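Quick note: the coordinates plus some simple rules give every number you see, no bench work behind them. Fair warning: this is a prediction, and the values are worked out from it, not measured in the lab. With ideal geometry, Cβ positions are generated from the backbone for all residues, glycine too; neighbour counts draw on all protein chains shown.
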Amino acid sequence: QKEVEQDPGPLSVPEGAIVSLNCTYSNSAFQYFMWYRQYSRKGPELLMYTYSSGNKEDGRFTAQVDKSSKYISLFIRDSQPSDSATYLCAMSSNDYKLSFGAGTTVTVRA
Amino acid sequence: NAGVMQNPRHLVRRRGQEARLRCSPMKGHSHVYWYRQLPEEGLKFMVYLQKENIIDESGMPKERFSAEFPKEGPSILRIQQVVRGDSAAYFCASSPRGRIDTEAFFGQGTRLTVV
């Protein structure tokens, strides 16, 4: 069993739709939870960071963490074609060693 | 302010050759992390370095792989006697302190192809 599970998709939605992404994990020591966006042939860029359980909102993006279920989510409202990318969840129990999901490829159709 | 620079962007090596991947951190960053991304898999931690020190290399294969971050110059990830299974994208990230989760920026990666 992988430490972090993420459905690779692909996921295709029309412009303006809500994109819902999620990951599950098995290591109860994880305390820091992140979502990265990766465009084709580029490096990952940090989108959202959450410490422990709870919700966090930043513009059109909302991240949720449920540690009791070992489940994290990312929601993108009013999706735009420029949101088309691969979204990676990542988590860690220390400051430098991240465990990544495999990534979900999202396409937003104009 | 230039971002994290990795070179080369693409590298082709024949089996048995050596591959050298370079990572120049952002200005003021003294912490470097290397991750490897295999096809259809997430990024995997390889090694964490500070200037002149290896802090954690628990993700590095025991043989053929080595990393350094000298006092002057870029961090180098070296793979000796490459095999087809080494084909992957190698990313480095840098941060001003030892916090990759909130303070680090990733480079654009080096895509290694072993033929």
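Quick query: amide H of B:MET5 versus all other amide H atoms, modeled in the peptide plane; which residues come in under 5 Å with a sequence gap of 5 or more or a different chain?
B:SER24
Rounded to the nearest 0.05, what FRET efficiency is calculated for A:SER69 and A:ALA110 with R0 set to 30 Å and r the Cβ-Cβ distance?
Efficiency for this residue pair is about 0.30.
Whole angstrom only: what separates the Cα centroid of segment B:9-58 from the Cα centroid of segment A:60-80?
When both Cα centres are located, 30 Å separates them.
Around B:SER66, under 9 Å between beta carbons, what's the net of Lys plus Arg minus Asp minus Glu among the other residues? Walk me through the numbers before you get to the answer.
On the way: positive: B:ARG64, B:ARG78; negative: B:GLU57, B:GLU68.
Counting the neighbours of B:SER66, the net charge comes to 0.
List the pairs from A:LYS2/A:LYS56; B:LYS27/B:LYS71; A:LYS42/B:LYS44; A:LYS2/B:LYS62; A:LYS42/B:LYS62; A:LYS67/B:LYS44 whose alpha-carbon separation is above 18 Å, in the order I gave them.
Where the Cα-Cα span goes over 18 Å, the pairs concerned are A:LYS2/A:LYS56; A:LYS2/B:LYS62; A:LYS42/B:LYS62; A:LYS67/B:LYS44.
Assuming R0 = 25 Å, can you tell me the calculated FRET efficiency for the pair B:ARG20 and A:GLU45, based on Cβ-Cβ distance, to the nearest 0.05? Please list the in-between numbers first.
Values: r = 26 Å, r/R0 = 1.03.
With R0 = 25 Å, the Cβ-Cβ based efficiency is 0.45.
Using a 4.7 Å cut-off between beta carbons, which cysteines in the protein assembly as shown end up with no partner cysteine at all?
Here no cysteine comes out as lacking a disulfide-compatible partner, given the Cβ-Cβ threshold of under 4.7 Å.
Only helical DSSP H runs with n ≥ 4 go in: add -39500 (n - 2.57) per run for the protein assembly as shown, normalise by residue count and round the 222 nm mean residue ellipticity to 500 deg cm²/dmol.
Computed ellipticity for the protein assembly as shown at 222 nm equals -500 deg cm²/dmol.
Over chain B, what is the relative contact order in percent, taking alpha-carbon pairs closer than 8 angstrom and at least six residues apart?
Value for chain B: 36 percent.
What net charge do the residues around B:ALA19 carry, taking every other residue with its C-beta under 9 Å from that of B:ALA19, with Lys and Arg at +1 and Asp and Glu at -1?
Working: positive: B:ARG13, B:ARG20, B:ARG78; negative: B:GLU18, B:ASP86.
Around B:ALA19, the surrounding residues sum to +1.
Run the dipole for chain B about the Cα centre, Lys and Arg Cβ at +1, Asp and Glu Cβ at -1, nothing else charged, and hand back the magnitude in debye, nearest 20. Could the numbers behind the result be given before it?
Working: 18 positive and 12 negative charges, 82 e Å.
Charge dipole, chain B, about its Cα centre: 400 debye, nearest 20.
I'd like the Karplus ³J(HN,Hα) series for segment A:3-18: coefficients 6.51, -1.76, 1.60, θ = phi - 60°, whole numbers in Hz, and an x wherever there's a Gly or Pro.
So the J values, rounded to whole Hz, are 5, 10, 10, 9, 5, x, x, x, 10, 10, 9, x, 3, x, 6, 8.
Work through the residues other than B:HIS31 whose Cβ is under 9 Å from its Cβ and net out their charges, Lys, Arg +1 and Asp, Glu -1.
After counting each charged neighbour, the total is +2.
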